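Computed from the coordinates by the stated procedures, all read-outs in this text should not be read as laboratory data. If you're wondering where the values come from, they're calculated on a predicted model, not measured in any experiment. Neighbour counts run over all protein chains shown; Cβ positions are idealised from the backbone, glycine included.
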């Protein structure tokens, strides 16, 4: 149980005094610690688990970077920070954080080099055909909605998913390398230490934290600043109920044990503002392999509702938040193939669309009507409703017809939260009047960042590492 | 500009000392002040405007009450608190606040009598045919989704919109009567006083507030408690951007000048938690007169998306949040009539559905397909897609066809926010660990209340007055 804020006058002694205290050793925390300690600040990292890694180590390891990184160039792709900026401004939802996005795009090339310099390897091979981590050790992928309507007309597309090269999974490797770098740095790591309170002066300054380790309290003074990098709140049902209750229907919560919103709650108790707490990344990876994009996604009314060639994170958002997580991917015999991810069970098969619709329990005539209109246009290579690219447009007319179950009850929705503490572009946590709370900084998914109201794969590791570095430097005062 | 929280040691003298301080004289504040002062607490109300009323005085004056109130019975309707409870639990969205809803429903009959006892008159005449304030002085209306799918199968419907009898508009009358009651009570009112900070002890207790009046600060000590009743944040663009950016597209923001979220921000600065900040009541009153419910609402893909016979607040939510505020009401010559509210301009007219669709710029064939399916079922009195009641089901086939513009750009979306400070069922403001912040209470739309993620007309005045009373009594310690 967190205890919110503590008055320094209640702290009889400090068990430890450092310059910079980092709370949480995921990707953001590791980068904050590296930059703080290398800036000359005595740095301590508290990690509630037995070792570093956090949710970052459970992820696909994709970093959304661009603007012409060494990896993009090695793979033969051109990109500019301006095109990356235009794409992100358009794709992360209403009211994007322009200043953060600008800084992120302009610093992206350097940031990639920095990540490499920490020992993280990337294989300079582009992999076509997936929307996130590839099935092999290739290093560059498409990881967003760059090539689909409407974004393809807004910004010149480039693949920006940078995936560490590894034998098995990229997320653990990324965190292995970052944690090794922290261990080699002057920063110290205190594992099995959970921050349970911030110590706050009556003037609002945060000057330390109370940690618990195996039931024992430890008071840590932070002379220069505390960086909160504790992740999101996808494991906290009460917080989900208060902000994004539909996320509770997702079968896969992408999270290490720590994603209970503890750092967000510590910040709130200290008077911090929050933003975009209703937002979550919702991945519905049914159209993988990409040939399945030739199917049509229909809702409980048998209507299409989104271009099926879009990034699976955008499809998931539409499916969950606009259609209550009730939809099916309809294919014909020509399009049918086995989905890459489990579970997307076959919900029904029929010799005719009417038979399929009946099996699915869809309203009489609705699916037939949808298919008739879709096929009529697809024959001409058109999709005037949702503008799917013609690469995936073909009439669905070869029996039998089938439908993959894409309901939250029976299929894979992978969710994590995007909202959190409000920070400025330097990582300072802000109060509701937009003023920094002295001594309190944050990065990663305990803050609202670049993917404020819309997602592309790699944006959380991307902005977590990027703004984690900045917060570490700013906390160190350098 | 608010200044957040102040340390009591900075307060050199108190200009005023009272038992209970109420911030904001809208419906919730008036009720809090009445109950606090009648409980024997010395009570002061700060109101930033020149006089009481707030947004409540600009509203339609509808109070959502039920369970068998004297007005319902006088109009010949039966209702029980259990049916009201079932309806609200189902209709206010995911993760409803069961404890608040239970208390609200069980106290509703008594609360109506109390409102009447404050001098607010209700004419015991039921008015059929509107979804909120009636065009005359009748006292009882349908004001939600009680009689439509799926709620009609969940709870026995009863009209629960209680509208004060008045010559012109009910909201001003309600507030006139409540303010008169406050003036007659022992509570004092300080108009032109804006609360700019809460005074908070290092242990978290709120013990006073700093107000500003014509540029002069005034320090007010509250011995027992402060009740924040300052309304929502529909006028604060920065807060909308952070929580519900689409609301900025609505042409009508239902608000008095004070709805800039000041009380919510004061609470946040004091460490309070917030909930449902992404939620707003969005009214799109196109199907008024009700005969227009026989039309069909279509989105930018020419698809229907909701049962047109639903309450206009639910239709507005769907239109704005799921279809980006881009939709049209399609009618034929048999259904056409002039909408009651302005502006819902005629966007296009055509002799055939195809001509109409072309004029609207809808995808080729989409509207025709939608109409064909709708008409086929409507001929049988069925709507298997959205379950509109058969009263409003008739094929649209008599030319010419027309479409009313229901886009945010060109029509009336009326919006106010629903999210705010987290309170318990006694009105105590909670921190992120669910613990009361001593001395701080709240009610009305500066808090998240009964209409947490879904609306029926009258729920804000209803729960604001109901929980305002409770907060006033609890603050007084009685």
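Just a few scattered comments:
- For the stretch A:145-184: rounded, prolate or oblate by the Cα gyration tensor [a/c cutoff 1.5]: prolate
- Take each residue of peptide B:267-280, count the partner chain Cβ atoms within 10 Å of its Cβ, and average: the result is 6.
- One equal scatterer on each Cα of the stretch B:238-369, no solvent, Debye formula: the resulting log10 I(q)/I(0) at q = 0.20, 0.21, 0.22 Å⁻¹ is -1.18, -1.27, -1.36.
- Cα-Cα separations in the stretch B:175-220 greater than 15 Å, expressed as whole percent: 58
- Taking max minus min of the alpha-carbon positions on each principal axis, the stretch A:322-368 gives extents of 31, 29, 14 Å, largest first.
- Of interest is the spacing of the C-alpha centroids, which for the stretch B:46-81 and the stretch A:334-376 amounts to 49 Å.
- Residue B:238-residue A:153 pseudo-label distance in nm [points 7 Å out on the Cα-to-Cβ vector]: 3.5
- Using distinct alpha-carbon pairs, which all enter the 1/r mean, Kirkwood radius of the stretch A:328-447 in Å: 17.9
- Burial ranking of peptide ranges A:27-39, B:368-380, A:276-288 (average Cβ count within 10 Å, highest at the top): A:27-39, A:276-288, B:368-380
- At the listed q of 0.07, 0.09 Å⁻¹, the Debye profile of the protein assembly as shown, built from one uniform point per Cα, gives log10 I(q)/I(0) equal to -0.60, -0.99.
- Sorted from nearest, the other copies put their residue A:82 label points 6.9 nm away, the label point being 7 Å from Cα in the direction of Cβ.
- Along each principal axis, Cα extent of the stretch A:79-236, largest first, Å: 54, 40, 31
- Averaged over the residues of peptide A:427-435, the number of Cβ atoms from other protein chains lying within 10 Å of each residue's Cβ is 4.
- Inter-label distance for residue B:113 and residue A:213, nm, one decimal - labels placed 7 Å from Cα along Cα-to-Cβ: 6.3
- Taking the C-alpha atoms of the stretch B:37-97, convex hull volume expressed per residue in Å³: 195
- Area projected by the alpha carbon convex hull of the stretch A:63-166, averaged over all directions, nm²: 6.2
- Copy-to-copy label separations for residue A:40, where each label sits 7 Å from Cα toward Cβ, in nm and ascending: 6.6
- Cα pair distances exceeding 43 angstrom across chain A, given as percent: 18
- Counts of other chain beta carbons within 10 angstrom of each beta carbon in peptide A:371-384 average 2.
- Surface/4 of the Cα convex hull for the stretch A:72-119, nm²: 3.9
- Solvent-free Debye scattering, log10 I(q)/I(0), computed from the Cα coordinates of the stretch B:90-151 at q = 0.17, 0.24, 0.29 Å⁻¹: -0.83, -1.13, -1.13
- Each 10 Å bin from zero holds the following percent of Cα-Cα pairs in the stretch A:1-85: 14, 27, 30, 18, 8, 3, 0.
- Normalised per residue, the volume of the convex hull around the Cα set of the stretch B:167-262 (Å³): 154
- Value at 222 nm in deg cm²/dmol, rounded to 500, when DSSP H runs of n ≥ 4 in chain B each add -39,500 (n - 2.57): -7500 deg cm²/dmol
- Extended-chain gain in nm, criterion 0.36 nm per residue less alpha-carbon gap, residue B:15 and residue B:98: 25.8 nm
- By the equivalent-ellipsoid construction on the alpha carbon gyration tensor, the stretch B:251-299 comes out with semi-axes of 36, 13, 7 Å, ordered largest to smallest.
- 7 Å along Cα→Cβ, label-point gaps from residue B:223 to other copies, nm, shortest first: 4.8
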